[in-house]
1. Hey, among 128, 142, which residue is touching a strand residue (DSSP E or B) at 6+ places or on another chain (Cβ under 6 Å) and either surrounded by fewer than 19 Cβ atoms within 10 Å (Cβ to Cβ) or free of Cβ contacts under 8 Å to residues at least 24 places away in the same chain (or both)?
2. Take the residues in the stretch 207-228 that are in contact with a helix residue (DSSP H, G or I) (Cβ under 9 Å, 6 or more places away or on another chain) and surrounded by fewer than 12 Cβ atoms within 10 Å (Cβ to Cβ), then tell me which one is modelled with the highest pLDDT.
3. What tally of residues in the stretch 263-287 results from selecting those that are in contact with a helix residue (DSSP H, G or I) (Cβ under 9 Å, 6 or more places away or on another chain) and either part of a helix (DSSP H, G or I) or buried (at least 20 other Cβ atoms within 10 Å of the Cβ) (or both)?
4. Given the conditions (1) crowded, with 23+ Cβ neighbours inside 10 Å; (2) closer than 16 Å to residue 14 by Cβ; (3) modelled with pLDDT of 95 or more, which single one is not true for residue 86?
5. Quick check on my filter: what residues within the stretch 35-49 are touching a residue at least 12 places away in the same chain (Cβ under 8 Å) and surrounded by fewer than 20 Cβ atoms within 10 Å (Cβ to Cβ)?
């Protein structure tokens, strides 16, 4: 496919997964970019329509191998490969290329923490020091100047957006933060697994990665930065019988003199001018169906019945704001485009 001279040329590595397909869905109608390369090594030679029939009406390049693409001719590469594989693939890309990595490979600044939680040594330490964590609303200025953006995980996005402003403002205590998160099954990826079969996940809910989920250190890294001290959280994710969505219910202790109303006001003030984050009025609880297919995060704040505690509820679509939508938002920043471009769609409801 020949790119328009007025459009940025983008490529997607790992286009046959859910996040890759979601990027294609969002970028196909983006007015300032053109999809010039799509890779999926095991499905090379196929079309996106072969792999994802819902994208069959789009004019797209055929799926290819990573090695067959001339990456020097592109402006931006999105990496949707598994962790570990990504480090080696990104290291081979031209230095002129802007990269938005949707894997976990560059999110943790501490190589020892990465090795502990992902089971092997980091394989691209020279690139790690250049990576900018891509939580857009928090690190906008750094992202705009970055070459390599580590797109956040879905759970960490849903947790850090409400908690970072509260920690920075000193509205909540740093200890005893309890995070109960629930996700749709698309968060586990498209690889065939027995525990993801319909009979295993339908008509039920189960906790997984209890006290040992890989998103915990990512959450703690961001919260510790905001608080200026080390924070350890209690984080338990659960799998829900739905395709999309994350709902995080977060229990925190109020700082001395703080109130639930003050917490709500702190978040409302912080996100008042943000296009994709909205704090709900008192008494309203966000739901995953209110953000499905959109790049929005909705946040609700409630006074707990236990004195001195507050409950914060945050929802996102794990494939959009939790992955591909935030990746496009970050791409817009590095290309100096309007941040909302290609992401203006409202949630699909019901």
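The values are calculated or read from the model by the stated rules, or taken from the named source; none is laboratory data. Model, not experiment: these values are computed from the prediction. Note that we place each Cβ from the backbone using ideal geometry, even for glycine, and neighbour counts take in every protein chain shown.
1. Numbers: 128 fails: touching a strand residue (DSSP E or B) at 6+ places or on another chain (Cβ under 6 Å).
Just one listed residue meets the conditions, 142.
2. 228
3. Residues flagged as in contact with a helix residue (DSSP H, G or I) (Cβ under 9 Å, 6 or more places away or on another chain) and either part of a helix (DSSP H, G or I) or buried (at least 20 other Cβ atoms within 10 Å of the Cβ) (or both) within the stretch 263-287 amount to 9.
4. Condition (3) is where residue 86 drops out.
5. The answer is 41, 42, 43, 44, 45, 46, 47.
Residues are listed down the side, and each one gets a yes or a no for (1) part of a loop (DSSP other than H, G, I, E, B); (2) over 23 Å from residue 22 (Cα atoms):
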residue: 204; (1), (2): yes, yes
residue: 210; (1), (2): yes, yes
residue: 217; (1), (2): no, yes
residue: 221; (1), (2): no, yes
residue: 225; (1), (2): no, yes
residue: 232; (1), (2): yes, yes
residue: 236; (1), (2): no, yes
residue: 244; (1), (2): yes, no
residue: 248; (1), (2): no, no
